[in-house]
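Heads up: the structure comes next, in structure tokens.
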Amino acid sequence: MATGSFVALSGQLALDARLSTIANNIANARTVGFRANGVNFNPLVSSTQDFDTVFASTGKNHVNLNAGGFTRTGNPLDIAVHGDGFLAYTGPTGTYYSRDGRLSLTDTGELVNVLGQPVQDVGGSSITVDPKAGAVEISRDGGVHQAGQRVGQIGLFSINLNAGFTRAEGSGLVPVTPAEQLTDYANNSIVQGFVEEANVNAVTEMVKLIQVTRAFEAASTYADKMLESEMDAIRTLGAR
């Protein structure tokens, strides 16, 4: 197979990875607190021949950490995070971090998310209030108050995704490196009665989807023509 065919194949693989990323973003455009995925590609240069040949890499995923818009819900147990912080939840396989702050109380007074998983306090433990003691108020530093008493504090954490990460439930993220507790409540705070929308622009993602689809079709056409050219060359040489 000629080098051009391998170049076209590498391009198709890169476009397929980008296509999957865009499709996932569109699918989560209405997921509360979702952070859009992106993928970066670095060129791979081969000098095995008399000239350098550039191939597309398989790509490296990254997360767009820009904030989404806030929507007022009026539910006092809904919270949004202002700044760079993340909420921590205890999932089936351990702790994960999310900007989805839709909370509720269980019958026993435990503060949980929409999946029934406990939100963690600053020390990584769950938070429990008295379900019969009246309304719950949440201050900007995550303090949980009931009947005028501070009964807990929702943790805010900084996560570093540069070393790698995996996706968890909903808009959850699990970084490879440990998260750090945030204490700068001037720049990172909790807003009660709001939730954060996904930071996905569905229209922009649809435009990207069309562009990538057309690019993939062009790469496929090029690969087909390269194959036809090789077959013609084989037939011509074989006839001689």
Inset, instruction - Could you run the Karplus curve 6.51 cos²θ - 1.76 cosθ + 1.60 with θ = phi - 60° over the range 185-198 and give me ³J(HN,Hα) per residue in whole Hz, x for Gly and Pro? - result: 7, 6, 9, 9, 8, 10, 10, 7, x, 10, 10, 9, 6, 5
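Run the numbers on the range 70-196 and let me know its relative contact order in percent, using alpha-carbon pairs under 8 Å that are six or more apart. Mind dumping the intermediate values first?
Values: 304 pairs, mean separation 43.7, N = 127.
Reported relative contact order: 34 percent.
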Inset, instruction - Based on other C-beta atoms within 10 Å, arrange Asp100, Asp184, Asp107, Asp121 from fewest to most. - result: Asp107, Asp184, Asp121, Asp100
Inset, instruction - Starting with the fewest neighbours, write out Glu196, Glu205, Glu217 ranked by other beta-carbon atoms found within 10 Å of each beta-carbon. - result: Glu217, Glu205, Glu196
Inset, instruction - Quick one: order Lys208, Lys132 by neighbouring beta-carbon count within 10 Å, fewest to most. - result: Lys132, Lys208
Legend entry - Computed label-point distance, nm, for sites Val203 and Thr31 using a 7 Å Cα→Cβ extension: 2.4
Inset, instruction - Could you compute the FRET efficiency for Arg72 and Ala215, with r as their C-beta to C-beta distance and R0 at 45 Å, rounded to 0.05? - result: 0.65
Legend entry - Test item: Cα-centred dipole of the range 109-214, Lys/Arg +1 and Asp/Glu -1 on Cβ, debye: 280
Inset, instruction - Would you mind computing the Rg to Rh ratio of the range 70-196 from its alpha-carbon coordinates, Kirkwood style for Rh? - result: 0.95
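Values quoted throughout were computed directly from the atomic coordinates according to the rules given, and no laboratory measurement underlies them. The structure displayed is predicted, hence computed values, not measured ones. Cβ: placed from backbone, ideal geometry, glycine included. Neighbour counts: every protein chain shown.
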